[in-house]
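Data first, discussion second: the structure below is written as C-alpha cells.
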Amino acid sequence: MIKNVGFVGVGTMGEPMARNLLKAGFDLYVVAHRNRAPVERLVREGATEVSSVADLAARVEVLICCVSNDAAVEEVMLGKGGVFEGGREGLIVVDSSTISPLTSQRIAAQLAQKGIVLLDAPVSGGQVGAIAGTLAIMVGGPREAYEKVLPVLQAMGEKITYIGKNGSALVVKLANNLIVGAILVASSEALTMAAKAGVDPGLVQQVLSGATSRGWLIQEKLPKSVLAGDFQPGFKLALLYKDMGLALDFGKELTVPMFITALVHQLYAQAVGLGKGELDCTAVAQLYAEATKVDLRAK
C-alpha cells in the first residue's frame with residue numbers, strides 16, 4: 001500500500017490536489033517550485049517540505065507533478081536536482097501537467113533507463129474540481145503502474161480512466177481543451193450577437209441551458225464568469241492558449257487538418273497580446289464585448 005507521496009507544482013490546481021491527498025491520509029512531501037506560499041500552507045496542514053525535487057524523488061513511492069508547460073516538466077524530470085537524479089528504481093511519477101504527448105513519451109523513455117515509470121495523467125475540472133476532489137483524470141502508461149497508484153488518483157478525482165500507452169492520455173486532454181476553446185469562442189459570439197440585438201445575455205444562457213447547445217460550459221461556467229463579469233482565473237487564458245498550440249502542433253505531426261483550432265488559437269493569441277493571459281479562459285469573450293461596446297453581464 002502506498003503511503004509516501006510527493007508533489008511538485010502546488011499552484012492553482014496542484015495545491016488543492018495536494019490538500020486532498022493529505023485529507024485522504026497520505027504522508028505528503030512537497031517542494032517549492034515557483035511559489036512558496038502554497039507550500040507553507042500545506043506544511044501548516046501536515047505536509048513535509050523538502051529541499052529539492054531530487055530529495056523528494058528519493059523519499060517517496062509516488063511523485064506527482066503539476067507544472068505549466070513542456071519546459072517545466074523537462075526541468076523537473078531530467079534537469080539538475082530533478083527526478084532522474086534522485087529517483088530510484090520502482091518510483092512511479094504521475095505527471096498531471098498538460099504537455100505534448102511526444103515530449104511525455106520522450107521523457108518516459110529516459111526515466112525508464114533508471115527504472116522509473118512515468119504516467120501521463122492530465123486532469124480536467126478546473127480549480128473547482130481540484131478543490132472538491134471531483135477531477136476527471138486520464139492516464140497513459142504501463143497498466144500495472146496505473147493500478148498501483150489508483151488509490152492516490154482516487155483521492156484527487158472521481159472520473160478516472162485508463163487510456164493506454166504513454167502519451168495517450170495527453171492526446172485525450174488536448175482533444176478536450178481544443179473543444180473547450182472552440183465552444184468558448186462560439187458562446188462569446190452568440191452572447192455578443194444577442195446583447196447587440198438588445199436581448200439579455202442571462203436570458204439567452206437560461207434558454208440555451210435547456211436547448212441542444214447545452215453543456216457544462218454554458219450551464220455552469222458562463223454564469224459564474226462572463227455573465228457575472230468575473231474573470232478571476234479558474235483556468236488561465238494563457239494556459240488554454242498554450243494547450244491549443246500543443247494540439248495544433250500534434251495535429252501537424254499527424255497531418256490532421258485543424259482549421260477551427262487554428263482560428264480559435266489566433267483569437268486566444270490576440271487576447272494574450274492584449275494582456276488577458278492571466279485572466280480566466282472565458283475572458284476571450286472580452287474581445288467581442290470590447291469590439292462591439294456591449295455588456296455581456298446578465299441583467
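No value in this document is a laboratory result; all are computed from the given coordinates. Being a predicted model, the structure only gives us computed values, none of them experimental. All Cβ positions, glycine included, derive from the backbone under ideal geometry; neighbour counts span all protein chains shown.
Quick one: Debye curve from the C-alpha atoms of region 1-74, no solvent, what's log10 I(q)/I(0) at q = 0.23, 0.25, 0.28 Å⁻¹?
Here the Debye-derived log intensity ratios amount to -1.00, -1.19, -1.47.
Binning at 10 angstrom from zero up to the longest distance, how are the C-alpha pair distances of region 1-40 distributed in percent?
In whole percents, the pair-distance histogram is 33, 56, 10, 1.
Could you give the length gained on full extension between residue 291 and residue 88, defined as 0.36 nm per residue of separation minus the Cα-Cα distance, in nm?
Difference between extended and current length: 67.5 nm.
Provide the three semi-axes, in whole Å and in decreasing order, of the ellipsoid equivalent to region 89-162 as defined by the square roots of 5 times the Cα gyration tensor eigenvalues.
Value: 22, 14, 9 Å, ordered largest first.
Magnitude of the Cβ-charge dipole of region 173-272, K/R +1 and D/E -1, about the Cα centre, nearest 20 debye?
80
Going Cα to Cα from residue 80, which lysines come in below 18 Å? Please leave out same-chain ones fewer than 8 positions away.
Leaving aside lysines fewer than 8 places away in the same chain, those within reach of residue 80 are 114.
Let me check I've understood the local charge: for residue 276, count other residues with C-beta under 11 angstrom from its C-beta, Lys and Arg +1, Asp and Glu -1. What total comes out?
-2
State, to one decimal in nm, how far the label point of residue 36 lies from the label point of residue 278, with both points 7 Å from Cα in the Cβ direction.
Those two pseudo-labels are separated by 2.0 nm.
Taking every DSSP beta bridge that has both residues in region 4-166, what percent is antiparallel when rounded to the nearest 5?
10
What would the Debye formula give as log10 I(q)/I(0) at q = 0.20 Å⁻¹ for the alpha-carbon point model of region 4-166, no solvent?
-1.36
About the Cα centre of the chain, what is the dipole size in debye to 20, counting +1 per Lys and Arg Cβ and -1 per Asp and Glu Cβ, all else neutral?
320
To make sure I understand the rule: partners must be lysines, Cα under 19 Å from the Cα of residue 3, and not fewer than 8 residues away in the same chain. Which ones qualify?
23, 148
Per DSSP H run of at least 4 residues, take -39500 (n - 2.57); add these up for the chain, divide by its residues and hand me the 222 nm value, nearest 500 deg cm²/dmol.
My calculation for the chain gives -15000 deg cm²/dmol from helical runs alone.
Please work out the Cα convex hull volume for the chain and give it in Å³ per residue.
Each residue corresponds to 132 Å³ of Cα convex hull volume.
Which lysines have a Cα less than 17 Å from the Cα of residue 293, not counting those fewer than 8 places away in the same chain?
List returned: 196.
Using a Gaussian network model on the chain with a 10 Å cutoff between Cα atoms, which of 208, 153, 119 fluctuates the most?
Judging by the Gaussian network model, the answer is 208.
Rounded to the nearest Å, what's the spacing between the alpha carbon centres of region 180-245 and region 1-54? Just the number, please.
33
Restricting to the chain, compute how many DSSP beta bridges are antiparallel as a %, nearest 5.
15
Between 0 and 90 degrees, rounded to the nearest ten: what's the tilt of helix 143-154 against the longest Cα principal axis of the chain?
60
Under the rule of at least 5 residues apart or a separate chain, name every residue whose amide H is placed under 5 Å from the amide H of residue 49.
Those qualifying (amide H under 5 Å, at least 5 residues apart or on another chain) are 30.
Report the dimensions of region 249-299 along its three principal axes from the alpha-carbon atoms, largest first, rounded to Å.
45, 20, 17
Short version: ³J(HN,Hα) in whole Hz for each residue of region 264-271, in order, from phi by Karplus 6.51 cos²θ - 1.76 cosθ + 1.60 (θ = phi - 60°), x for Gly and Pro, what are they?
5, 4, 5, 5, 5, 4, 4, 4
Write down the Kirkwood hydrodynamic radius of region 143-298, to one decimal in angstroms, obtained as one divided by the mean of 1/r over all alpha carbon pairs.
With all distinct Cα pairs of region 143-298 included, I get 17.0 Å.
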